[in-house]
1. Consider the stretch 1-34. How many of its residues are under 13 Å from VAL73 (Cβ atoms) and hydroxyl-bearing (Ser, Thr, Tyr)?
2. Determine the pairs where a residue that is within 11 Å of VAL45 (Cα to Cα), located within the stretch 7-25, has a partner that is among the hydrophobic types (A, V, I, L, M, F, W, C) with Cβ atoms under 7 Å apart, the partner being 6 or more residues away or on another chain.
3. Check ALA33, ALA47 and return the single one that is touching a helix residue (DSSP H, G or I) at 6+ places or on another chain (Cβ under 8 Å) and part of a helix (DSSP H, G or I).
4. For GLN44, only one of the following conditions fails: (1) closer than 21 Å to ILE79 by Cα; (2) free of Cβ contacts under 8 Å to residues at least 24 places away in the same chain. What is its number?
5. Would you mind stating whether GLY66 is closer than 18 Å to GLN14 by Cα and not aliphatic (A, V, I, L, M)?
6. Restricting attention to the stretch 67-80, does a residue exist that is touching an Asp or Glu at 6+ places or on another chain (Cβ under 8 Å), in a loop (DSSP other than H, G, I, E, B) and not hydroxyl-bearing (Ser, Thr, Tyr)?
7. Quick one: which of THR38, THR5 is β-branched (Val, Ile, Thr), outside any helix (DSSP H, G or I) and at pLDDT 95 or above?
8. Scan the stretch 50-76 residue by residue and report those that are charged (D, E, K, R) and surrounded by 15 or more Cβ atoms within 10 Å (Cβ to Cβ).
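The values are calculated or read from the model by the stated rules, or taken from the named source; none is laboratory data. Because the structure is predicted, anything quoted here is derived from the model rather than measured. When we count neighbours, we look across all protein chains shown, and the Cβ atoms used for this are built from the backbone with ideal geometry, even at glycine.
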Amino acid sequence: ADRVTHIESIPQRQAVTGDWPDWVHDDVTAVFAGTGITKPYKHQVEAVNSIASGTDTVVATGTSSGKSLTFLVPILDSIA
C-alpha cells in the first residue's frame, strides 16, 4: 500500500548572503573561505550575531543550509 498522500516541489530560491561580522577573527573566515564559504547566508549572519551576544537562539532551516556554521563561528572565534 502506498502511504504517500502528497508530494510538493518547492522552486529553488536565490541565496541571500551577507558579510562576516566585523568581530569574527580573520583566521576563522579564512578557514571557511578555504572550504568555499566566502560569504555566509543572511540567516547565518543573524544567528552568529545573536549567539555571540549571549541570546538563546534557535535556527530552523532546511538540510545543508549551514546551521552548524552558526554555532561553530562563535566557538572558533573565541579560540582564534
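1. 1
2. Pairs found: GLY18/VAL45; PRO21/VAL45; PRO21/VAL48; VAL24/VAL73.
3. Details: ALA33 fails: touching a helix residue (DSSP H, G or I) at 6+ places or on another chain (Cβ under 8 Å).
Of the residues listed, the single one that is touching a helix residue (DSSP H, G or I) at 6+ places or on another chain (Cβ under 8 Å) and part of a helix (DSSP H, G or I) is ALA47.
4. Going through (1) closer than 21 Å to ILE79 by Cα; (2) free of Cβ contacts under 8 Å to residues at least 24 places away in the same chain one by one, GLN44 breaks only (2).
5. Numbers: closer than 18 Å to GLN14 by Cα: yes; not aliphatic (A, V, I, L, M): yes.
Here the answer is yes, as GLY66 does meet what is asked.
6. yes
7. Details: THR5 fails: at pLDDT 95 or above.
After ruling out the rest, the residue left standing is THR38.
8. Step one: of the stretch 50-76, the residues charged (D, E, K, R) are 56, 67.
Scanning the stretch 50-76 gives a single hit, LYS67.
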